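Here is the structure we will look at.
Quick note: the coordinates plus some simple rules give every number you see, no bench work behind them. If you're wondering where the values come from, they're calculated on a predicted model, not measured in any experiment. Neighbour counts are summed over all protein chains in view; Cβ atoms, including those assigned to glycine, are modelled from backbone coordinates with ideal geometry.
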Amino acid sequence: MAAKDQPVFTLLVEAGRKPGDGLPEGASGAALLCYAGGVDEAEAVRETVAVLRQAGLSVLDVTGYGTADERHAQGHEIDAQEAGLMARAAAENAVIVAQVTPFFDDATGG
């Protein structure tokens, strides 16, 4: 199967801190919304974890949300921008990081 014929999966990755990870100072970690192709979701997860580790991130957990068709069946709305990023992931056989949301501890110490 050619790479661009593979389904693209939506993945939510939780990352912890690691020296040189590029996350903002004071962040305790981050959530990354990613799109990655694969023959199945397990392959997409493996590829995403490998790419993020190469980028210096400490991957803690990955939650899969399925393909666009699976997400539509669950009632998720996929806007044009998101569909475009999924198409890019398929066309480039790449892991696309669409959004990074840093986590900050809200501890007030008191």
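What the table below lists for this structure:
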| read-out | value |
| --- | --- |
| Rounded FRET efficiency, nearest 0.05, which uses the C-beta distance separating residue 99 from residue 25 and R0 of 22 Å | 0.65 |
| Neighbour-limited loop hits for GluC sites (Glu not before Pro), segment 51-110 (at most 16 other Cβ within 10 Å; DSSP other than H, G, I, E, B) | 77 |
| R0 of 30 Å, Cβ-Cβ distance residue 88-residue 61: FRET efficiency to nearest 0.05 | 0.75 |
| Pairwise FRET efficiency - residue 43 versus residue 106, Cβ, R0 = 35 Å, nearest 0.05 | 0.45 |
| Coil-residue trypsin sites (Lys or Arg not before Pro) of segment 9-75, DSSP, other Cβ within 10 Å capped at 16 | 17 |
